[in-house]
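Trainee: Sharing a structure here in structure tokens format.
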Amino acid sequence: MQPKITGIVLDSIKNSMDNDISFSDTTVMGYSIGTFSAGFAVLMLVCFASYWTRSYLGQILGEKVTLKIRSKLMKSLMYKDTMKFYDVNKTGDLLSRLSADCQQVSSGISQSITEVLRSTMLYGISVAMMASISPIMTIPVLIWSGIYFFLVRNYGAQQVKVSKSWSEKLGGLGKISQEQLDSIKNIKVNNSERKELTRYHGGLKDLFKVIKTRSLLETNFSVITYLGMDTLVIVSLFWGAYSILSGGSMTIGNLTAFLMYIEYCSVTVQYLGGAFSSISKSVGSGKRLFEILDDDKVHSPYKDLQNGKLKKFSANKVANTIGTGFPVEFKNVDFAYPLRPDNFIFKNLNFKVQEGSSVCIVGPSGKGKSTIASLLLKYYPVNNGSIFVNDQSISSISSSSLRKEIAVVQQVPSLITGTIKDNILYGLTDKEAKLVTQKEIEEVCKQANCHTFISQLPNGYNEKISGGSSDSNSLSGGQSQRICIARALMKKPKLLVLDEATSALDVKSEKLVNDALIGLVKRRECTIISIAHRLSTIQSSENVIVLNDKGYVEEVGPFWELYSDDYSALSKLLREDIMAKNQEKKNIEEDDEIIKKNEDGINVETNESVPPAV
Ligand SMILES: Nc1ncnc2c1ncn2[C@@H]1O[C@H](COP(=O)(O)OP(=O)(O)OP(=O)(O)O)[C@@H](O)[C@H]1O
């Protein structure tokens, strides 16, 4: 309304000037100029109040949308059932989606959509007001509006593509930096800082290429918009001036109002351009977020549990079994990782683990020992065959109910940020954790041989530690591993999977932990499947399963029987292991000798002294 009112006021002033009317007697739309100005001021105040409300609510809405999207994404990420998604999508990229992409989407949805609505309304009203002043002079504005509409459509489509590419490159950069910071010690020990910086700069360059394309697109669009709007101003100014001077119906007030409306249109068109750009960017980023959410539709174990496609795992004792540990069976299992679908780790893998017994899986490196643990936990579905835990095929039971009954200790211990006590109780539900007494915690920690060192910490069980691996949690590798063992024992599992779980422990600690585990097996309370290279761990298991280098089971039997047979696959494997270790020791000694000779100035080939270089 402001331009229209300005035009009316200007025409009233001109009328007063032409008819010699004083300022106090000047009337605008039948009101004295004072009353009219007061009314106009009130109208402006109402406008400001509504602007404030729109702006504040818009921001709050935007932040709420961001939080909602983040929470939905995190939920989707937390509840992904298999590891396939995490094999493909790396942490750095996912973090970038959770931060930059979420922000982009929410700003597109909240601020830009309200901006589009406001600007479209303002544009429509301005054009209608221009038509009420001069329908004929509005025709060029309408033609430009049509052209602008097609421009926006074209620009939007291109912006979506470029924005998706921008998000991908940014995610790629996040992936590189996350990987580099995670392995900073490795980079330093290999003096690879320069190499890694070159790699990071490569990612930056890729990102910059996309940014250049996007900037070109945005600049072209905004220049065309300015050009169009400025052309309209010039055309209207000349047309209006011609109409006034040639005695047409146009007045100075009306021309001023008309030009002000064009200015309004120009500003709204700029806002619209910015808003469309932001919406297109959020569509591009949104596509990447939907890739995360859509993955849930492929397989939703929670819905499958509700609609009866999956059953809950039953921990009840199977009839005619000894003790309460779960029996385990791999039956004709074929498996290839989803990332390498043609590379079968197992073809027709068969073995049985008796309830309440302990078995150690041994075999050459990289032939699938840890993969057996992953399959047992349903981290990946098998390609063929079945895995039975407690007589139930795990493919038909929900993974959460299965994992609740199994405890795992991995080679690389992973702790959470919190107290040591929080870490030990981490595998229990909040309700279960509340019922655990300090005495029970200490009892479990004594079994895991970590009570003594925890008691010596300044705050004992309430000592705060950081999450992550032993690199970042202010505990040693062996201490972290023992806390993980205590956490696993705290669950009172009927099946315990130990993947090189004592590899960081010294001989004495390992023996104490193994004795505690042997006690569990003796009471038949728990079935233990361990994966190990060390003879000391292997010999603490009742039985051994030896995998061969093709991923088949080569041999199964009681440890002492296989160990005392010189021709058994186990003995062969242990001999090879000892030979490999001896060779490794010899290589290290030879390397040390060469280094020493170099330092002493002796020629390595001839063993003669070399005079020092001048
Ligand atoms: N997520 C994955 N995607 C694709 N291939 C994988 C994945 N994880 C492991 N592999 C491959 O599967 C094979 C078996 O790996 P696994 O970790 O089970 O071996 P392992 O016998 O436990 O080895 P090690 O004794 O060295 O720990 C290896 O060749 C490895 O490269």
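The values are calculated or read from the model by the stated rules, or taken from the named source; none is laboratory data. None of these values were measured; they are calculated from a predicted model. No Cβ is skipped: glycine too gets one built from the backbone with ideal geometry, and neighbour counts run over all protein chains shown.
Trainee: Within the stretch 428-445, which residues are touching a helix residue (DSSP H, G or I) at 6+ places or on another chain (Cβ under 8 Å) and under 21 Å from Ser509 (Cβ atoms)?
Mentor: Matches in the stretch 428-445: Ile441, Glu442, Val444, Cys445.
Trainee: Of the residues that sit in the stretch 240-255 and are out of contact with any Asp or Glu (no Cβ under 9 Å at 6 or more places or on another chain) and in a helix (DSSP H, G or I), which one is surrounded by the fewest Cβ atoms within 10 Å (Cβ to Cβ)?
Mentor: Checking each candidate, the answer is Leu245.
Trainee: Looking only at the stretch 59-92, count every residue that is among the charged types (D, E, K, R), in contact with a Leu (Cβ under 9 Å, 6 or more places away or on another chain) and within 16 Å of the ligand (Cβ to nearest atom) and tell me the total. Explain how you work it out, then say what you get.
Mentor: Going through the stretch 59-92, the residues among the charged types (D, E, K, R) turn out to be 63-64, 68, 70, 72, 75, 80-81, 84, 87, 90.
Cutting the leftovers down to in contact with a Leu (Cβ under 9 Å, 6 or more places away or on another chain) gives us 70, 72, 84, 87.
Still in the list and also within 16 Å of the ligand (Cβ to nearest atom): 84, 87.
Residues that pass the stated criteria total 2.
Trainee: Further question on the same structure: I'd like to know if the stretch 47-54 contains one or more residues that are under 45 Å from the mean Cα position of the chain (by Cα) and touching a residue at least 12 places away in the same chain (Cβ under 8 Å).
Mentor: Start the filter on the stretch 47-54 by keeping residues that are under 45 Å from the mean Cα position of the chain (by Cα), which leaves 47-54.
Cutting the leftovers down to touching a residue at least 12 places away in the same chain (Cβ under 8 Å) gives us 54.
Scanning the stretch 47-54, I find at least one residue that is under 45 Å from the mean Cα position of the chain (by Cα) and touching a residue at least 12 places away in the same chain (Cβ under 8 Å), so the answer is yes.
Trainee: Here's another thing I want to ask about it. Looking only at the stretch 367-382, filter to residues that are more than 17 Å from Ile531 (Cα to Cα) and away from the ligand (no atom under 12 Å from the Cβ); which one of those is surrounded by the fewest Cβ atoms within 10 Å (Cβ to Cβ)?
Mentor: Pro381
Trainee: Is it the case that some residue within the stretch 91-113 is under 30 Å from Ala257 (Cβ atoms) and more than 30 Å from the chain's Cα centre (by Cα)?
Mentor: Checked the stretch 91-113: no residue is under 30 Å from Ala257 (Cβ atoms) and more than 30 Å from the chain's Cα centre (by Cα).
Trainee: Quick check on Leu475: is it in contact with a strand residue (DSSP E or B) (Cβ under 7 Å, 6 or more places away or on another chain), away from the ligand (no atom under 16 Å from the Cβ) and under 19 Å from Ser536 (Cα atoms)?
Mentor: For Leu475, the condition - in contact with a strand residue (DSSP E or B) (Cβ under 7 Å, 6 or more places away or on another chain), away from the ligand (no atom under 16 Å from the Cβ) and under 19 Å from Ser536 (Cα atoms) - is not met.
Trainee: Quick test for you: out of Leu435, Leu425, pick the one residue that is surrounded by 19 or more Cβ atoms within 10 Å (Cβ to Cβ) and either more than 30 Å from Lys309 (Cβ to Cβ) or of a type in the set (D, E, K, R) (or both).
Mentor: Leu425
Trainee: Among the residues of the stretch 413-466, which ones are closer than 17 Å to Gln481 by Cβ, in a helix (DSSP H, G or I) and either in contact with a Leu (Cβ under 7 Å, 6 or more places away or on another chain) or within 16 Å of the ligand (Cβ to nearest atom) (or both)?
Mentor: Asn423, Val444, Gln447
Trainee: Among the residues of the stretch 196-207, are any free of Cβ contacts under 8 Å to residues at least 12 places away in the same chain, over 30 Å from Val152 (Cα atoms) and surrounded by 15 or more Cβ atoms within 10 Å (Cβ to Cβ)?
Mentor: no
Trainee: Determine which single condition Ser530 fails, assuming it passes every other condition in (1) part of a helix (DSSP H, G or I); (2) within 15 Å of the ligand (Cβ to nearest atom).
Mentor: (1)
One line per residue, one yes/no per condition, for (1) at pLDDT below 85; (2) surrounded by fewer than 16 Cβ atoms within 10 Å (Cβ to Cβ); (3) away from the ligand (no atom under 16 Å from the Cβ); (4) assigned to a loop (DSSP other than H, G, I, E, B):
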residue: Lys297; (1), (2), (3), (4): yes, yes, yes, no
residue: Leu305; (1), (2), (3), (4): yes, no, yes, no
residue: Lys317; (1), (2), (3), (4): yes, yes, yes, yes
residue: Asn320; (1), (2), (3), (4): yes, yes, yes, yes
residue: Thr324; (1), (2), (3), (4): yes, no, yes, yes
residue: Pro341; (1), (2), (3), (4): no, yes, no, yes
residue: Phe346; (1), (2), (3), (4): no, no, no, no
residue: Glu355; (1), (2), (3), (4): no, no, yes, yes
residue: Cys360; (1), (2), (3), (4): no, no, no, no
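Trainee: State the number of residues belonging to the stretch 403-422 that are within 17 Å of Pro493 (Cα to Cα) and either surrounded by fewer than 16 Cβ atoms within 10 Å (Cβ to Cβ) or not charged (D, E, K, R) (or both).
Mentor: Step one: list which residues in the stretch 403-422 are within 17 Å of Pro493 (Cα to Cα), which gives 403-410.
The next check asks that each one be either surrounded by fewer than 16 Cβ atoms within 10 Å (Cβ to Cβ) or not charged (D, E, K, R) (or both); those that pass are 406-410.
Number of matching residues: 5.
Trainee: Taking Val497, is it within 28 Å of Gly427 (Cα to Cα), part of a strand (DSSP E or B) and touching a helix residue (DSSP H, G or I) at 6+ places or on another chain (Cβ under 6 Å)?
Mentor: Spelling it out, Val497 is indeed within 28 Å of Gly427 (Cα to Cα), part of a strand (DSSP E or B) and touching a helix residue (DSSP H, G or I) at 6+ places or on another chain (Cβ under 6 Å).
Trainee: Next up: Among the candidates Leu227, Leu237, Leu232, Leu216, single out the residue that is in a helix (DSSP H, G or I), in the same structural domain as Ser167 (by the TED database) and in contact (Cβ under 8 Å) with a residue 24 or more places away in the chain. Explain how you work it out, then say what you get.
Mentor: On the way: Leu227 fails: in contact (Cβ under 8 Å) with a residue 24 or more places away in the chain; Leu237 fails: in contact (Cβ under 8 Å) with a residue 24 or more places away in the chain; Leu216 fails: in contact (Cβ under 8 Å) with a residue 24 or more places away in the chain.
When all the criteria are applied, what remains is Leu232.
Trainee: Any chance you could count how many residues in the stretch 383-412 are at pLDDT below 95, within 16 Å of the ligand (Cβ to nearest atom) and hydrophobic (A, V, I, L, M, F, W, C)?
Mentor: Selection size over the stretch 383-412: 3.
Trainee: Before we move on, is Pro364 within 14 Å of the ligand (Cβ to nearest atom), farther than 18 Å from Ala532 by Cβ and part of a loop (DSSP other than H, G, I, E, B)?
Mentor: Spelling it out, it is not the case that Pro364 is within 14 Å of the ligand (Cβ to nearest atom), farther than 18 Å from Ala532 by Cβ and part of a loop (DSSP other than H, G, I, E, B).
Trainee: Separate question: Would you check if Thr82 is in the same structural domain as Ser165 (by the TED database), among the hydroxyl-bearing types (Ser, Thr, Tyr), closer than 30 Å to Ala373 by Cα and within 42 Å of the chain's Cα centre (by Cα)?
Mentor: Judged against the criteria, Thr82 is a match.
Trainee: Only one of (1) at pLDDT below 80; (2) surrounded by 13 or more Cβ atoms within 10 Å (Cβ to Cβ) fails for Ser55. Which number is that?
Mentor: (2)
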